[in-house]
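Note sheet for the following structure.
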Amino acid sequence: MDSATLLARITDYAGRPNPYPLYAELREAGPVVRQEDGSYLIGTYYEIAALLHDPRMSADPRTRGEVAHKPPFLRLDDPEHHRLRTLAMRPFGPPHSPRRVDSMRGEIDRIAKELLEPFEAGRQIDIVDDFAYPLPVTVICRLLGVPREDEPLFRAWSDALVAAADVRPEDDSAEEDKAGDQARMEMGGYLVNLAEQRRGDPGDDMLSAFVNEPDPALRLTQEELAETAVLLLIAGHETTVNLITNGSLTLLRHPEQLDRLRRDPGLLPRAVEELLRYEPPVHMRGRIPHADIDVAGTEIPQHSSVILALASGNRDPMRFDEPDRFDPARPDNQHLGFGSGIHVCYGGPLARVEAYAALGALLPHLGGASLVEDPPPYRQNAMLRGPRHLPIQL
């Protein structure tokens with residue numbers, strides 16, 4: 001096969017159930033493979049890790065003139081990225097709010113148990129719709145202070161935003177981009193209005209913390225608040241849905257490892273790290289070099305589109321022993337599941353807590369359960385890869 005068509009084949013829906021042979025082909029052809037659309041695809045662990053830490057690599061699509069509006073901080077470069085990420089972190093994590101995530105453990109466990117109450121032996125359930133989607137969306141909505149009755153609004157908005165953010169060959173994506181812009185505007189407007197209702201009357205939620213920050217130098221502008229709140233809501237549940245669903249599917253495909261975890265739940269934290277390596281929720285990240293850059297002997301010109309295949313790096317035999325084997329006790333598991341460098345996943349600590357709670361609560365129900373179809377139907381998205389449905393027979 002022509003290695004210049006790898007990106008087209010990886011993003012083609014036909015490869016969604018198992019893109020890993022294509023990633024192996026990428027690593028054999030690489031480390032850097034120029035694609036027919038002019039982009040550069042990179043799938044080897046050490047090159048990806050180095051580029052994620054390289055200040056010459058930009059995350060900002062405006063570097064190539066791809067968008068006119070200012071993107072969320074996830075897609076900005078320092079120093080602006082550092083400023084906004086720091087402000088967003090103040091009400092979320094250390095050092096200013098060190099107990100925010102930890103204090104939610106009990107509530108996350110309760111939400112998981114409530115969702116599992118209807119799961120009875122002999123029933124057929126959909127892991128995605130009945131459990132993996134509602135758990136993180138409920139958690140992130142409570143964290144931000146979104147009323148429960150408004151939670152359903154976010155599914156359509158989220159689907160449109162995720163479709164617009166997908167990595168694909170550089171073709172006409174105007175329709176997805178337009179729908180994504182509309183969803184971003186509507187969701188941002190909703191969240192800003194909700195935050196304004198908390199001004200001067202704060203609750204114990206992040207929107208309240210944002211609008212009631214006493215130091216003017218540490219306040220987000222209304223536009224920054226909208227972008228940051230939208231980012232937290234999307235990033236706070238989309239990746240976790242995939243982590244829980246991919247994890248459930250992997251355990252059902254490896255019954256001996258499922259039994260091992262049921263006998264020894266203390267292995268769960270290491271098992272979650274292995275799932276982040278073996279079946280990560282995020283498969284690719286895009287970057288743009290500010291200057292001409294040499295990667296493993298290949299010259300990548302300034303302003304080129306560079307796609308880092310994180311999921312391929314996670315299966316690189318130059319970094320991991322027996323990379324295609326699922327090992328819940330794997331040592332030295334420095335995976336790329338949450339990225340690396342200055343843009344390492346902001347919500348990683350929360351995603352881990354949710355995955356421990358979700359899979360820990362699911363384990364008793366998965367013994368003897370069977371997949372209704374394998375492979376299950378996948379979502380269209382190649383970047384945020386996971387099943388759209390995961391029907392199982394309890």
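The values are calculated or read from the model by the stated rules, or taken from the named source; none is laboratory data. Owing to the predicted nature of the structure, the values given are computational and were not obtained by experimental measurement. Please note: Cβ atoms are built from the backbone with ideal geometry, for glycine as well, and neighbour counts cover all protein chains shown. Each accessible area value is taken on the protein alone, full model and side chains, heavy atoms only, with ligands, DNA and RNA left out. Shrake-Rupley method; radii C 1.70, N 1.55, O 1.52, S 1.80 Å.
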Legend entry - Looking only at segment 294-308, and only at residues there that are touching a Ser or Thr at 6+ places or on another chain (Cβ under 9 Å) and among the hydrophobic types (A, V, I, L, M, F, W, C), the one that is surrounded by the fewest Cβ atoms within 10 Å (Cβ to Cβ): Ala296
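Consider Leu232 carefully, then state whether it is closer than 30 Å to Leu371 by Cβ, open to solvent by less than 30 Å² (accessible area, probe 1.4 Å), in contact (Cβ under 8 Å) with a residue 12 or more places away in the chain and of a type outside the set (Phe, Trp, Tyr). So that I can check it myself, show each step before the final result.
Values: closer than 30 Å to Leu371 by Cβ: no; open to solvent by less than 30 Å² (accessible area, probe 1.4 Å): yes; in contact (Cβ under 8 Å) with a residue 12 or more places away in the chain: yes; of a type outside the set (Phe, Trp, Tyr): yes.
Here the answer is no, as Leu232 does not meet what is asked.
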Inset, instruction - Would you mind finding the one in Arg155, Arg148, Arg168 that is of a type outside the set (Phe, Trp, Tyr) and modelled with pLDDT of 80 or more? - result: Arg148
Inset, instruction - For segment 131-156, name all the residues that are assigned to a helix (DSSP H, G or I), acidic (Asp, Glu) and open to solvent by less than 60 Å² (accessible area, probe 1.4 Å). - result: Asp150
Inset, instruction - Would you check which residues across segment 98-130 are within 18 Å of Arg352 (Cα to Cα), surrounded by fewer than 20 Cβ atoms within 10 Å (Cβ to Cβ) and aliphatic (A, V, I, L, M) and list them? - result: Met104
Legend entry - Subset of segment 34-64 [among the β-branched types (Val, Ile, Thr) and open to solvent by 10 Å² or more (accessible area, probe 1.4 Å)]: Thr44, Thr63
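State the number of residues belonging to segment 318-338 that are open to solvent by less than 10 Å² (accessible area, probe 1.4 Å) and under 19 Å from Thr239 (Cα atoms).
Within segment 318-338, the first condition is being open to solvent by less than 10 Å² (accessible area, probe 1.4 Å), and the residues that meet it are 320, 326, 328, 336-337.
Narrowing the set further to residues that are under 19 Å from Thr239 (Cα atoms) leaves 336-337.
Residues that pass the stated criteria total 2.
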Inset, instruction - Please list, ordered by first then second residue, the pairs with beta carbon atoms under 6 Å, 6 or more apart or interchain, first in segment 1-23 and of a type in the set (Gly, Ala, Ser), second part of a loop (DSSP other than H, G, I, E, B). - result: Ala4/Gln35; Ala4/Glu36; Ala8/Pro169
Inset, instruction - Go through Ala164, Ala195, Ala217, Ala209 for me and flag whichever is under 22 Å from the mean Cα position of the chain (by Cα), among the small types (Gly, Ala, Ser) and farther than 30 Å from Leu371 by Cβ. - result: Ala164
Inset, instruction - Check whether at least one residue in segment 269-278 is open to solvent by less than 20 Å² (accessible area, probe 1.4 Å), of a type in the set (Lys, Arg) and assigned to a helix (DSSP H, G or I), and report yes or no. - result: yes
Legend entry - Count - residues of segment 235-268 that are out of contact with any Gly (no Cβ under 7 Å at 6 or more places or on another chain), open to solvent by less than 20 Å² (accessible area, probe 1.4 Å), assigned to a helix (DSSP H, G or I) and not aliphatic (A, V, I, L, M): 5
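Restricting segment 196-225 to residues that are assigned to a helix (DSSP H, G or I) and either farther than 16 Å from Arg90 by Cα or charged (D, E, K, R) (or both), which is least open to solvent (accessible area, probe 1.4 Å)? I'd like the intermediate steps shown before the answer.
Residues of segment 196-225 assigned to a helix (DSSP H, G or I): 196-197, 206-211, 216-218, 222-225.
Still in the running and either farther than 16 Å from Arg90 by Cα or charged (D, E, K, R) (or both): 196-197, 222-224.
Working: Glu196: 68, Gln197: 125, Gln222: 117, Glu223: 112, Glu224: 23 Å².
Only one residue fits best here, namely Glu224.
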Inset, instruction - Return yes or no: is Gly348 open to solvent by less than 30 Å² (accessible area, probe 1.4 Å), under 17 Å from the mean Cα position of the chain (by Cα) and at pLDDT below 90? - result: yes
Inset, instruction - Answer yes or no: is there a residue in segment 353-376 that is open to solvent by 10 Å² or more (accessible area, probe 1.4 Å), in a strand (DSSP E or B) and aliphatic (A, V, I, L, M). - result: yes
Inset, instruction - Considering only segment 197-246, state which residues are farther than 17 Å from Asp159 by Cβ and hydroxyl-bearing (Ser, Thr, Tyr). - result: Ser208, Thr221, Thr228
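Give the residue, chosen from Arg315, Arg287, that is buried (at least 19 other Cβ atoms within 10 Å of the Cβ), among the charged types (D, E, K, R) and within 18 Å of Met57 (Cα to Cα). Walk me through it before giving the result.
On the way: Arg315 fails: within 18 Å of Met57 (Cα to Cα).
Just a single option satisfies the conditions, and that option is Arg287.
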